[in-house]
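J.: Sharing a structure with you now.
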Amino acid sequence: MADDRGAVFFADIDNEYVQMIIVLSCYELSDFENDQYANEAILSTDGGASFDRILKVPLKTTDAANLHIHDVEYDPYVDRIWVVVGDSDNSQMYWSDDLGTSWETIADQDEVTMLTQIAAFKDCVAFGTDGEPEGINRWTNCYAYSEQNRWYF
């Protein structure tokens, strides 16, 4: 909800107003010859007045067609940022519980199916895929992460 023509945004979540956090990336092929990479996520904590790079995905292969961020999502229910990357050997899922200061991963890079969309809900996170298996993966225990309940795709 914006009450000042978009200068400041607030979202009503469980009757509490929280300041909107904006996290963005681009879905474009990397141009390694010109030092332009499509493997970065940026974050604004001031409603878009300024942005900082919070993630530069490590390269496993410099095949430009296979290195790009598919989706980023701020999860307001647990104050977490989700990022999914593809394709092939560069596939990975990242999350941060400290607004991008540090990152966790689901598995070794290239062991994750190609996740393409992220949707955060109150009791789960849904991930769309275009790799095997295709469809929607629903992770319900992701908010109580530990090595014992780690979910592999």
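J.: On the basis of being more than 19 Å from the chain's Cα centre (by Cα), at pLDDT 85 or above and either hydrophobic (A, V, I, L, M, F, W, C) or not in a strand (DSSP E or B) (or both), does Ala49 make the cut? Step through it out loud before you land on a result.
T.: On the way: more than 19 Å from the chain's Cα centre (by Cα): yes; at pLDDT 85 or above: yes; either hydrophobic (A, V, I, L, M, F, W, C) or not in a strand (DSSP E or B) (or both): yes.
Criteria met by Ala49.
J.: Turning to a different aspect of this structure: Restricting attention to the range 80-117, which residues are among the acidic types (Asp, Glu) and modelled with pLDDT of 90 or more? Step through it out loud before you land on a result.
T.: Here is the first cut: in the range 80-117, the residues among the acidic types (Asp, Glu) are 87, 89, 97-98, 104, 108, 110-111.
Those that are among the acidic types (Asp, Glu) and modelled with pLDDT of 90 or more: Asp97, Asp98, Glu104.
J.: Now, a different point. What are the pairs, 6+ residues apart or on separate chains, where a residue within the range 37-60 that is of a type in the set (Phe, Trp, Tyr) has its Cβ under 7 Å from a residue that is assigned to a strand (DSSP E or B)?
T.: Phe51/Ile42; Phe51/Leu43; Phe51/Ser44
J.: Can Asp31 be described as charged (D, E, K, R), touching a strand residue (DSSP E or B) at 6+ places or on another chain (Cβ under 7 Å) and without any contact (Cβ under 8 Å) to a residue 40 or more places away in the chain? Before you say what the answer is, go through the steps one by one.
T.: On the way: charged (D, E, K, R): yes; touching a strand residue (DSSP E or B) at 6+ places or on another chain (Cβ under 7 Å): no; without any contact (Cβ under 8 Å) to a residue 40 or more places away in the chain: yes.
Spelling it out, it is not the case that Asp31 is charged (D, E, K, R), touching a strand residue (DSSP E or B) at 6+ places or on another chain (Cβ under 7 Å) and without any contact (Cβ under 8 Å) to a residue 40 or more places away in the chain.
The values are calculated or read from the model by the stated rules, or taken from the named source; none is laboratory data. Only a predicted model underlies this, so the values are computations on that prediction, with no experimental measurement involved. Note: ideal-geometry Cβ built from the backbone for every residue, glycine included; neighbour counts use all protein chains shown.
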